[in-house]
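The values are calculated or read from the model by the stated rules, or taken from the named source; none is laboratory data. Computed from a prediction, not measured in an experiment: that's the story for all the values here. Cβ: placed from backbone, ideal geometry, glycine included. Neighbour counts: every protein chain shown. What goes into the accessible areas is simple: the full protein's heavy atoms, side chains included, and nothing from ligands, DNA or RNA. Shrake-Rupley method; radii C 1.70, N 1.55, O 1.52, S 1.80 Å.
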Amino acid sequence: MPHTKNSITINADIDKVFDVTNDIERWPELFNEYTDAKILKREENKITFQLTNNEGKSWRSSRIVNKQDYICTAEREEPKFPFKFMHLKWTYKMVDEGVEMTWEQDFEMDEKAKYNNEQAADLINKHSQENMKRIKEIIEASK
């Protein structure tokens, strides 16, 4: 099973980093590949939402937000394609320089997808690193 893991340290308060990065409706500003993010349903700490990317493709995902432990888990729901499955885990921890934010993804590509598992992992790593840098800049500039 392909697995990606990327981290960045953001010089800010952990609650601020957690709250900003989990404000799904703000994702089109924070991420370079989303043009729209809509909350579909909230149930306690579970959020179901729809994302639309730059290619005009939309999908539904769900996210469990655990602010007490600074962990979020998510999965892509429908349509799953181009994945067979996509599970995400975001963790946040205090370090000397600020907050270390880590994103991990476990996934498998559908055989009919444009990219195989290895190619998709390379793209996910590239986009994660770009987006983490962008988020770091936005949060650190808003102090």
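Observations
- Among residues of segment 99-127 that are over 14 Å from Met86 (Cα atoms), those with a Cβ under 8 angstrom from a residue that is among the acidic types (Asp, Glu) and open to solvent by 20 Å² or more (accessible area, probe 1.4 Å), sequence gap 6+ or separate chain, pair up as Val99/Asp13; His127/Glu33.
- Hey, Leu51 part of a strand (DSSP E or B) and free of Cβ contacts under 8 Å to residues at least 24 places away in the same chain or not: no
- Long-range neighbours under 9 Å by Cβ, at least six apart or interchain, first residue open to solvent by 20 Å² or more (accessible area, probe 1.4 Å) and modelled with pLDDT under 95 within segment 1-14, second of a type in the set (Ser, Thr, Tyr) and part of a strand (DSSP E or B): none
- Residues (closer than 16 Å to Ser128 by Cβ and either among the hydroxyl-bearing types (Ser, Thr, Tyr) or surrounded by fewer than 18 Cβ atoms within 10 Å (Cβ to Cβ) (or both)) located in segment 74-87: His87
- Exactly one residue among Gln129, Gln105 is crowded, with 16+ Cβ neighbours inside 10 Å, within 20 Å of Leu30 (Cβ to Cβ) and not aromatic (Phe, Trp, Tyr), and that residue is Gln105.
- Some residue of segment 73-82 being in a strand (DSSP E or B), farther than 24 Å from Ser142 by Cβ, among the charged types (D, E, K, R) and over 15 Å from the mean Cα position of the chain (by Cα): no
- From Ser61, Ser142, residue being surrounded by 16 or more Cβ atoms within 10 Å (Cβ to Cβ) and of a type in the set (Gly, Ala, Ser): Ser61
- Every listed requirement among (1) open to solvent by 30 Å² or more (accessible area, probe 1.4 Å); (2) modelled with pLDDT of 95 or more is met by Glu33 save one, (2).
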